[in-house]
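> Sharing a structure, written as structure tokens. Questions coming.
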């Protein structure tokens, strides 16, 4: 899966994914210091007090990173999106084989089985063209797929999972 | 077939394109650029309402200002998305959408400034903003509705498109199925036809295989590269190679190159004429011995290449048999010749001492002798002369049989010759108490072209016999021409003892003496009539006898002698005639008519003529005598004119340097070239006229060596005839009149009558044999003989037709030639009518 992802990235040249060599998987993240931009709920209460974890931007930036350069039906022209792959986040949280429910500030929500994520898509993008995204520009987090990379990334399902103004993920057990 | 494939291909392509279209449409639907648009648009309504509620909450409870700000940001984001999102581009251009949207957009832009400002200012503005939002409910609702209708229509359109494409697809599929069905039908039909053909082919192949396998001749087939692809059972037996050993080898395995490295067979790619397909080769057996074989070659197209078939027959036995026959014949001939030579030699050897004896007896007679001694001497002298007579008879027979007796033709006055003979026999006749009389021809003409010595010998024998076997009777000799144009007939009639009917058949045989009493009365070897028969035959005539025992005998000699005009009429003034006067000419021609005509034309111009009726005789005569010119017919049985000419040239005989002129009725251009190459000085194309003959003779050096190919051009007279007779007259009157001029009216008329009779018979014979498809006939030789005669007698159209048939035969179109034969009958009928109509002959005369 990993290899195929790279292969596709190489062939199509539309996705440039760069997994960070910074803090490895399972490593402890820095303490939260800034405002919370993402809350994960529904986790194992034994591992995480209250079954919830809150992330600030710095914590997200300390996780494996990926960049997707693509256009979308909601924007004008191609843009470069950077953030944390959903798969990396799931791994960090030791969540496998679960379905997550993605919640947006605008009360939108949609379910996504983690089994349908790839190593490098989608990503939880928090930067567009190198700048943080305010709520007015679909921030703070936008689930981004490499739409230009293939028709399979332009389906109803993918579009419905491309949640913007994401602020909470609920792990469904 | 190709068209069907093209149509099917086009249909399949169409279906593929359509299917792709449908797939793309379905893809477009699934890639759903519309997806949550309806949701997004309805959210405008919802989020505006939420914002209004949040604003109202913040007005009441200022600590909830943050929530209001967030709600504004959410709404802002929504409007901004509609403003920039590519998916909404079409929507933005809709007039029902734009005004509402513009008002909403203006609201968020305007309000954003306040939202980003300090809290107190915002708080103060909140009621105003809240009012503003309420005023926009209608617009937001309008956008939501617009979204619903607009995208519903779009979906409908797309669905209709898909439906239409599916219908197209269905139709095309139908067409394809129909086409496939048609194809299937056609394939099934073809299958049936092919099956039938295959069955037929198998049958043919089986039959062919059987033919090849059971052929008694070796059959070898080769491919284009020359390797053996088939080698039948007969070939296995002929060459000793097994089939599997021979397959894949070159043909040189069994037909090797010659000692000097030449291929015995022509290259495979060479097109062979019919007569080149069959040839003799030396083949080689596996065990190494060579044997003569006859191969016939054939090639045929087979698939992409050609198949070459070699039929081969072992000729060892046949050749051995032929050789045995030749040897037997040669031995027999040698024996005959030895016998004849012995006769000649012995006769000569006997004659010499006999002459001595007779001479001595004469000398002795003039000396003084006692009367009884003189009586003895008289008996000796009589016996000696009788012996001499017998020896001369034997010599004559031997000479005639050996073929060395050639005719030396010259004008002879037959009446004078007969009178001489009678004068000679008169004493004996009177001694027997006989009366000997002579009756000349009623028309008084008696000068003929003939060999005087031989004619005299015939008369001496016939008259001598009559005198011998007649006592106190009458002997009459008559000279006559049976008809004005017929042959010359000499009748010797006696009133002697006669011949018994049972003996009539054998009196012309050699050494025949009839009854003893007869023998006693008249001594003789019994060779006399044998000599007469030979000479008459040599001159082309015949002899018959009628006899009644006790009443007498009548011998009739009929000779095809040419009557010559009296000397006073002889010279026909002509430069050519004068110039070419007095040549000795050898005429070699197997056709009696033609030889006769040429001979008479030459005699009329006072040339000396010697005749030969075949090539061998011609060669022999040319060996012994020197002739100024040799006229050589080309087509003759035995050795033909070309071979004869070559032999004369290559030999060292008396006439080896004499010019030879080819006579031919008809020749292809390349043939006439070949004649010249063979040493012919010139080619005379029949009909030969006295004029062309003169020109050719005059144009030749009289005895010098000539240069081949430099001879006289075809005679102008012939050219003129060609020019004036382009439309193929039935009978060329020019030729006829020339014939009359050369031979005289009587002679020419006689010849024409014989020509008509002869051709009539030959033609009916030919038509009959050619109509039988199974009969194997030598068409070319049958036709050739007539071609020559037709030319000489000026039967122009018949000649042309016969020539064409001959050409066909020579170029291998035997079947075509045969097909031409039936037409000859009608053509001949017309031609014969033309000859018989009194007008034509009169015209010919007047043309002179």
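Values quoted throughout were computed directly from the atomic coordinates according to the rules given, and no laboratory measurement underlies them. Being a predicted model, the structure only gives us computed values, none of them experimental. As a convention, Cβ positions derive from the backbone with ideal geometry for all residues, glycine included, and neighbour counts pool all protein chains shown.
> Need the full-extension length gain, residue B:757 to residue B:59, defined as separation in residues times 0.36 nm minus the C-alpha distance. One decimal, nm. Mind dumping the intermediate values first?
On the way: separation 698, 0.36 × 698 = 251.28 nm, distance 15.31 nm.
Computed gain between residue B:757 and residue B:59 is 236.0 nm.
> So, one more: Given the protein assembly as shown, what percent of its DSSP beta bridges are antiparallel, to the nearest 5? Mind dumping the intermediate values first?
Values: 85 of 110 bridges.
Of those bridges, close to 75 percent are antiparallel.
> Next question, about the same structure. How much FRET efficiency would the formula 1/(1 + (r/R0)^6) give for residue A:46 and residue B:114, where r is the Cβ-Cβ distance and R0 is 45 Å, rounded to 0.05? Display every interim value, and only then the final one.
Working: r = 48 Å, r/R0 = 1.06.
So the FRET efficiency works out to roughly 0.40.
> As an exercise, use a Förster radius of 60 Å and the Cβ-Cβ distance of residue A:79 and residue B:179 to find the FRET efficiency, rounded to the nearest 0.05. Could the numbers behind the result be given before it?
Details: r = 52 Å, r/R0 = 0.86.
The formula returns an efficiency of 0.70 here.
> Moving to a separate point now. Please list, in order, the residues from segment B:87-103 whose amide nitrogen is less than 19 Å from a point placed 7 Å along the Cα→Cβ vector of residue B:145.
Correct set: B:91-103.
> Could you check the simple spin-label distance between residue B:625 and residue B:224, using points 7 Å along Cα→Cβ, in nm with one decimal?
Using points 7 Å along Cα→Cβ, the separation is 6.5 nm.
> Modelling each spin label as a point 7 Å along the Cα-to-Cβ direction, I'd like the residue B:98/residue B:84 distance in nm, to one decimal.
2.2
> So, R0 is 30 Å and r is the distance between the beta-carbons of residue B:296 and residue B:767; what FRET efficiency does that work out to, to 0.05? List each step's numbers first, then the result.
On the way: r = 31 Å, r/R0 = 1.02.
E between residue B:296 and residue B:767, to the nearest 0.05, is 0.45.
> How much length, in nm to one decimal, is gained on full extension between residue B:168 and residue B:198, taken as 0.36 nm per residue of separation minus their Cα-Cα distance?
Details: separation 30, 0.36 × 30 = 10.80 nm, distance 4.31 nm.
My answer for the length gained is 6.5 nm.
> Would you compute the Debye intensity of segment B:182-241 from its alpha-carbon atoms alone, equal scatterers and no solvent, and pass along log10 I(q)/I(0) at q = 0.15, 0.16, 0.19, 0.24 Å⁻¹ to two decimals?
Calculated log10 I(q)/I(0) at the listed q: -0.62, -0.66, -0.76, -0.93.
> Okay, next question. At 7 Å along the Cα-to-beta-carbon direction for both residue B:372 and residue B:333, put a label point, then send me their distance in nm to one decimal.
So the two model labels end up 6.0 nm from each other.
> Along the three principal axes, how long is segment B:54-163 when you take its alpha carbons, biggest first, rounded to the nearest angstrom?
Projected onto its principal axes, the Cα set of segment B:54-163 covers 60, 22, 21 Å.
> By count of other Cβ within 10 Å, fewest leading, how are B:291, B:508, B:627 ordered? The partial results should precede the final answer.
Working: B:291 16, B:508 19, B:627 24.
The fewest-first ordering by Cβ neighbours comes to B:291, B:508, B:627.
> For a label point 7 angstrom out from the Cα of residue B:286 toward its Cβ, which stretches of segment B:215-235 have the backbone nitrogen within less than 14 Å?
Zone members listed by number: B:231-235.
> As a check on your grasp of the helix formula, calculate [θ] at 222 nm for the protein assembly as shown: sum -39500 (n - 2.57) over DSSP H runs of n ≥ 4, divide by the residue count, round to the nearest 500.
On the way: 34 runs with 533 residues, N = 1021.
Helix contribution divided over all residues of the protein assembly as shown: -17000 deg cm²/dmol.
> Same structure, new question: Cα-based Rg (one decimal) and Dmax (whole number) for chain B, in Å?
58.3, 214
> Enumerate the residues in segment B:88-116 having an amide nitrogen under 18 Å from the point lying 7 Å beyond the Cα of residue B:38 toward its Cβ.
B:88, B:91
> How much length is gained on full extension from residue B:438 to residue B:317, taking 0.36 nm per residue of separation minus their Cα-Cα distance?
37.2 nm
> With N residues in the protein assembly as shown, what two-decimal value do you get for its Cα radius of gyration over 2.2 N^0.38 Å? Numbers along the way, then the final one.
Values: Rg = 65.0 Å, N = 1021, 2.2 N^0.38 = 30.6 Å.
The reported ratio for this selection is 2.12.
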